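> Shown below is the structure under consideration.
The values are calculated or read from the model by the stated rules, or taken from the named source; none is laboratory data. Nothing here was measured: the structure is a model prediction, and the numbers come from that model. Counting neighbours? That spans all protein chains shown, and the Cβs are built from the backbone with ideal geometry, glycine included. To get the accessible areas, we keep the full protein, side chains included, count just its heavy atoms, and leave off ligands, DNA and RNA. Shrake-Rupley method; radii C 1.70, N 1.55, O 1.52, S 1.80 Å.
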Amino acid sequence: MIFSFQVSVEEMKTAADEAHHKGRIIAAHAEGNPGIMNAIKAGVDSIEHGFYVTDEEIDLMLKQGTYLTPTFVADWAIPEFAKGKLPDWEIKKAADALQDLYKNIMHAWKRGVPITLGTDAGTPYNDFSMTPVELQLMVEQGASTFEALQTSSQNSAKLMKIDNEYGTLEPNKYADFLVLDSDPLKDVKAVQQENKAVYKNGIRVF
Ligand SMILES: [Zn+2]
């Protein structure tokens with residue numbers, strides 16, 4: 001479910017309550033303030049982006065168990081790939097924001113906010129092939145390779161409330177996994193391998 005900034009906390013809360021009654025998980029795309037705080041107060045399950053998350057918001061996220069999905073790669077890709085192709089102001093806006101959002105999000109991470117993996121695919125120079133690059137950026141900003149990989153497996157399964165069936169390889173869970181040439185715990189770029197083997201429910205699909 002996507003909320004726009006025009007709605008009040010009360011309206012969002014009503015939508016969130018109704019969605020939760022139907023067993024749905026709610027994510028709100030919010031980059032700045034007061035949008036992030038409004039969405040947390042409304043009771044969403046995950047904040048997407050959260051670029052300007054504050055300590056006050058982190059306090060409430062920890063209390064409520066709200067997840068944060070950083071989408072570093074959406075901002076990183078613009079200064080990385082768009083020079084000479086997008087307007088200078090747009091590139092400058094992304095480049096200026098990048099250091100701030102790294103700092104704010106890693107602060108939330110270190111304070112214990114649960115992190116999931118998402119990329120906002122569809123923004124400039126950011127398609128679904130960029131998903132593994134998000135893991136690389138997490139590690140470059142100070143996460144361990146294990147913590148980064150957990151965002152895409154265990155944490156995402158917990159957010160979606162399907163962690164009794166997915167998220168780790170254990171008896172009685174669906175076996176969704178990748179087979180890679182090298183160890184992603186040594187170098188998380190291992191998951192960027194293009195011809196990796198992809199298994200769903202124990203059956204190879206790519
Ligand atoms: Zn978004």
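> If you plug each phi of the range 70-78 into the Karplus form 6.51 cos²θ - 1.76 cosθ + 1.60 with θ = phi - 60°, what whole-Hz ³J(HN,Hα) values come out, in order, with x for Gly and Pro?
For the range 70-78, the Karplus-derived couplings read x, 6, 3, 5, 4, 7, 4, 5, 5 Hz, x marking Gly and Pro.
> So what are the ³J(HN,Hα) numbers for the range 136-147, from phi and the Karplus equation (6.51, -1.76, 1.60; θ = phi - 60°), rounded to whole Hz, Gly and Pro as x?
Taking θ as phi minus 60°, the curve returns 4, 5, 4, 5, 4, 8, x, 6, 6, 4, 5, 4 Hz for the range 136-147.
> What number comes out for accessible area per residue over the chain if the probe is 1.4 Å? Units Å², please. Intermediate results must be reported in sequence, preceding the final value.
On the way: 11530 Å² over 206 residues.
Result: 56 Å² of accessible area for each residue.
> Further, regarding this structure: Put +1 on the Cβ of every Lys and Arg and -1 on every Asp and Glu Cβ in the range 48-96; which of Tyr67, Ala82, Gly50 then has its Cα farthest towards the positive end of the dipole?
Ala82
> Strictly over 30 Å apart at the Cα level, which of Lys41/Lys103; Lys41/Lys85; Lys103/Lys173 would you flag in this model?
Working: Lys41/Lys103 23 Å; Lys41/Lys85 39 Å; Lys103/Lys173 36 Å.
Result: Lys41/Lys85; Lys103/Lys173 exceed 30 Å.
> Sort out for me the Cα centre separation of the range 35-84 from the range 142-197, rounded to whole Å.
What the calculation gives is 22 Å, centre to centre.
> While we're on this one: Along the range 194-205, what does the Karplus equation 6.51 cos²θ - 1.76 cosθ + 1.60 (θ = phi - 60°) give for ³J(HN,Hα), rounded to whole Hz, x for Gly and Pro?
6, 9, 5, 8, 10, 10, 10, 6, x, 10, 5, 10
> Can you tell me the relative contact order of the range 1-133? Whole percent, Cα pairs under 8 Å, sequence separation 6 or more. Intermediate results must be reported in sequence, preceding the final value.
On the way: 202 pairs, mean separation 29.2, N = 133.
Relative contact order of the range 1-133: 22 percent.
> Explain nothing, just the number: dipole magnitude of the range 97-206 about its Cα centre with +1 on each Lys and Arg Cβ and -1 on each Asp and Glu Cβ, in debye rounded to the nearest 20. Don't jump to the answer; show the numbers that get you there.
Working: 11 positive and 14 negative charges, 52 e Å.
Charge dipole, the range 97-206, about its Cα centre: 260 debye, nearest 20.
> Compute the distance in nm between two label points, each set 7 Å from the Cα along the Cα-to-Cβ direction, one at Asp187 and one at Glu140.
In this crude label model, Asp187 to Glu140 measures out at 1.5 nm.
> List the residues, sorted by chain then number, that are 5 or more residues from Gly118 or on another chain and whose placed amide H is less than 5 Å from its amide H.
Counting only residues 5 or more places away or on other chains, the set is Thr71.
> Given the rule -39500 (n - 2.57) for each run of at least 4 DSSP H residues, summed and divided by the residues of the chain, what is its mean residue ellipticity at 222 nm, to the nearest 500 deg cm²/dmol?
Helix-only estimate at 222 nm: -13000 deg cm²/dmol.
> Quick one: if you stick a label point 7 Å off each Cα along the C-beta vector at Glu18 and Lys173, how many nm between them?
For Glu18 paired with Lys173, the spin-label model returns 3.5 nm.
> Mind running the shape call on the range 128-205? Use the C-alpha gyration tensor, a ≥ b ≥ c as the square roots of the eigenvalues: rounded below 1.5 for a/c, prolate if a/b tops b/c, oblate otherwise.
Details: a/c = 1.97, a/b = 1.27, b/c = 1.55.
Verdict is oblate for the range 128-205.
> May I ask you to order 39-47, 176-184 by the average number of other C-beta atoms within 10 Å around their residues, highest value first?
Details: 39-47: 22.9, 176-184: 13.2.
Highest to lowest by the protection proxy: 39-47, 176-184.
> Right, here's the next one. So for each of 166-172, 72-78 I average, over its residues, the number of other beta carbons within 10 Å; can you give me the resulting order with the highest mean first? Write out the running numbers ahead of the final one.
Values: 166-172: 11.4, 72-78: 23.7.
Averaged packing, sorted descending, gives the order 72-78, 166-172.
> Rounded, prolate or oblate, given the Cα gyration tensor of the chain, with a/c below 1.5 counting as rounded? Present the calculation step by step, with values, prior to reporting the outcome.
Numbers: a/c = 1.75, a/b = 1.12, b/c = 1.55.
Here the chain falls in the oblate category.
> Quick check on the range 102-169: take the gyration tensor over C-alpha atoms, sort the square-rooted eigenvalues as a ≥ b ≥ c, and tell me if it's rounded (a/c under 1.5), prolate or oblate. Before the final figure, lay out each step's value.
Working: a/c = 1.78, a/b = 1.16, b/c = 1.54.
Taking the square roots of the gyration eigenvalues as a ≥ b ≥ c, the range 102-169 is oblate.
> Taking all protein chains in place and a 1.4 Å probe, what share, in percent, of the accessible surface of the chain do carbon and sulfur account for? Write out the running numbers ahead of the final one.
Values: 6230 of 11530 Å².
Result for the chain: 54 percent of the exposed heavy-atom area is carbon or sulfur.
> Given the peptides 136-146, 190-200, arrange them by the average over their residues of other C-beta atoms within 10 Å, most packed first.
Packing order, densest peptide first, comes out as 136-146, 190-200.
> Here's something else I'd like to know. So how exposed is Lys173, as accessible area in Å² (1.4 Å probe, rounded to 10)?
50
> How much length is gained on full extension from Arg204 to Lys161, taking 0.36 nm per residue of separation minus their Cα-Cα distance? All intermediate terms of the calculation are to be shown ahead of the outcome.
Details: separation 43, 0.36 × 43 = 15.48 nm, distance 2.48 nm.
Extra length from Arg204 to Lys161 when fully extended: 13.0 nm.
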